[in-house]
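Working notes for the structure below.
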Amino acid sequence: MFLRNYWYVAASDHEIGRQPLRRVILGEPIVFFRTEDGAPVAFEDRCAHRHLPLSMGKLIGDTLQCHYHGLRYDRTGVCVRVPGQDMIPPSARVRTYPIVQRYHWVWVWMGDPALADPDKITDFHWLDDPNWGAKPQYLHVKANWQLIVDNLLDLTHLAFVHETTIGNSALVEHASVKVTRSQDNVLVTRWIIDQPAPPTFVKVGGFKGNVDRWQIIDFTPPAFLRLDVGATPTGTGAPEGRRVGGISMRNLNAITPETESTCHYFWGQAHDFDIHNRETTDKVTEQIRTAFLEDVAVFEAQQVNLDLIPNPPQTDINADTGVIQARRILDRLHAEEQAAAAATRVAAE
Amino acid sequence: MTKWHRVASSADLHEGEAFPVDLAGTPIALYRVDGKIHAIDDVCTHEYAVLSQGFVQDGTIECPLHAAQFDIATGECLSGPATQDLRTYEVRLEGDDIYVCAREE
């Protein structure tokens with residue numbers, strides 16, 4: 001299941017340059033490159049002639065030349081040269097995709113180009129905000145994208161999958177979780193009041209006593225998960241919205257489906273302390289990467305079973321509330337997109 | 001043994017929110033709807049799900065897992081997958097103390 005009328009993260013900004021980059025998104029092969037003036041371009045990575053990926057070709061000025069028979073396409077995806085003939089067949093063109101560079105990521109619109117409004121790009125400003133330190137990361141995962149959405153909305157696995165890394169028994173024993181939802185959004189909020197800070201927080205936050213700690217997960221379709229985590233000295237009013245004398249981080253996740261069973265996982269860990277210290281950024285990023293790799297092992301093992309037994313029955317437990325609400329939103333949005341597409345087809349006939 | 005148990009204080013309850021309590025071994029939830037206090041079972045009659053972790057809207061509680069809906073005042077099951085109603089409990093307010101009457105087994 002894919003949702004098409006959305007902006008997806010296609011690449012980190014530094015990945016796209018004068019060397020064509022192929023990336024499959026929502027099952028569609030796309031080639032990315034930059035024109036000589038630095039503007040990013042995205043079009044179908046399949047020559048209109050004999051289907052070779054255009055990413056195997058090379059840039060000549062602002063045109064991309066196919067490696068097979070030398071057809072050249074300009075930045076609008078239109079073929080402008082066919083070697084050995086003067087006439088260019090009108091069908092010699094490839095589909096282009098709306099593309100925007102923002103927050104150190106390059107975003108591509110996968111739906112109806114007429115609806116591609118850059119204002120709809122989900123906010124990830126922490127990745128390039130001067131008040132935060134961050135370094136965007138990428139992982140390729142051999143699992144369905146929704147397994148990652150499930151995982152990021154579920155805090156209870158921390159005590160098991162991440163027992164030796166970011167897990168902490170206080171998370172399970174002393175926490176109250178609240179799930180709230182609106183039309184297209186799920187919020188999972190957990191407060192841990194008046195408990196010792198985990199060692200990593202003590203190190204960077206210099207806490208002397210107990211803390212009030214929060215984990216607030218924001219899910220925005222199709223697969224954006226922004227986690228607000230942090231701590232302040234207990235009793236200073238963080239639960240009421242006054243955050244003073246503490247630390248906070250944003251764990252930022254944008255998952256882009258590649259195929260039904262693989263995905264691109266873009267993420268970053270932004271921190272509001274020691275923001276200009278590259279070592280600190282590297283350290284918090286590395287810590288999360290270690291934990292994420294523990295998750296990836298889980299996703300890929302789940303996917304192996306789901307490939308063997310598609311759509312098996314499953315049991316729900318109380319901790320699944322956030323996951324189930326998100327899945328319900330995605331199912332509804334998918335049904336809406338399918339209905340709109342069917343209506344368009346009927347209107348066209 | 002008295003059937004009435006003090007389970008909460010009036011200040012614990014807020015409109016639009018469930019307040020789960022233990023009533024002599026039975027998990028129930030208290031709600032305040034338009035000022036009136038109600039007490040109903042806190043386990044969905046479909047599968048084991050804690051209803052107070054679900055969603056309160058317009059005098060109903062929606063199960064957090066499979067979206068069955070119940071009327072908070074009457075316990076009536078309004079939509080599936082559940083088919084059975086929830087049990088309701090008598091509530092008495094004495095000052096700020098909320099008392100709920102346990103059912104005879």
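Rule-based calculations on the coordinates, nothing more; no lab input. Worth saying up front: this structure is predicted, and the values here are computed from it rather than measured. Positions of Cβ are backbone-derived with ideal geometry, glycine not excepted, and every protein chain shown enters the neighbour counts.
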Of A:T321, A:T35, how do they rank once you tally other Cβ atoms within 10 Å and put the fewest first?
-> A:T35, A:T321
In percent, what relative contact order does chain A have, based on Cα pairs under 8 Å that are 6 or more apart in sequence?
-> 17 percent
Expressed in angstrom and rounded, the centroid-to-centroid distance over alpha carbons for the range B:15-55 and the range A:67-122 is 56 Å
Net lengthening on full extension, A:A343/A:Q85 (0.36 nm per residue, minus Cα-Cα) | 88.7 nm
Separation between Cα centres of the range B:64-103 and the range A:14-45, rounded to whole Å = 57 Å
Computed about the Cα centre, the charge dipole of the range A:122-334 from +1 Lys/Arg and -1 Asp/Glu charges at the Cβ has a magnitude in debye, to the nearest 20, of 460 debye
Nearest 0.05, what FRET efficiency do A:N210 and A:D274 give at R0 = 22 Å with Cβ-Cβ as r?
-> 0.45
Counted neighbours (other Cβ, 10 Å), sorted fewest up, put A:D37, A:D128 in the order A:D37, A:D128
Hey, got the Cα dimensions of chain A along the principal axes, in Å, largest first?
-> 79, 47, 35
State the extension gain, in nm to one decimal, for the chain segment bounded by A:D117 and A:I60, taking 0.36 nm per residue of separation less the distance between their alpha-carbons.
-> 17.5 nm
So, in nm, how far is label B:K3 from label A:D128 when the simple model puts each one 7 Å beyond its Cα toward the Cβ?
-> 6.9 nm
Farthest positive-ward along chain B dipole, Cα basis, beta-carbon charges - from B:F70, B:Y48, B:G25 | B:G25
Computed for the protein assembly as shown: size of charge dipole around the Cα centre, +1 on C-beta of each Lys and Arg, -1 on C-beta of each Asp and Glu, debye to nearest 20, value 1760 debye
For residues of A:321-328, the mean tally of beta carbons on other chains within 10 Å | 3
Across bins of 5 angstrom width beginning at 0, how are the C-alpha pair distances of the range B:4-101 distributed, in whole percent?
-> 3, 16, 28, 26, 17, 8, 2, 0
At the level of C-alpha centres, the distance separating the range A:188-224 and the range A:278-349, in angstrom, is 24 Å
To the nearest 20 debye, what charge dipole does the range A:89-190 have about its Cα centre, counting +1 at the Cβ of each Lys and Arg and -1 at the Cβ of each Asp and Glu?
-> 280 debye
Can you tell me how much longer the chain between A:A39 and A:A335 gets when fully stretched, taken as 0.36 nm per residue apart minus their C-alpha distance, in nm with one decimal?
-> 103.1 nm
Specify the residue with the greatest mean-square fluctuation among A:R327, A:R278, A:R22, computed from a Gaussian network of chain A linking alpha-carbon atoms under 10 Å apart.
-> A:R278
Once whole DSSP H runs in chain A are found, which of them have Cα atoms spread over 24 Å or more along the helix axis and a mean Kyte-Doolittle score of at least -0.5?
-> A:278-308, A:321-348
B:Y48, B:Y99 arranged by Cβ crowding within 10 Å, fewest neighbours leading | B:Y48, B:Y99
Build a GNM of chain A with springs between Cα atoms under 10 Å: which of A:S176, A:S55, A:S248 gets the top mean-square fluctuation?
-> A:S176
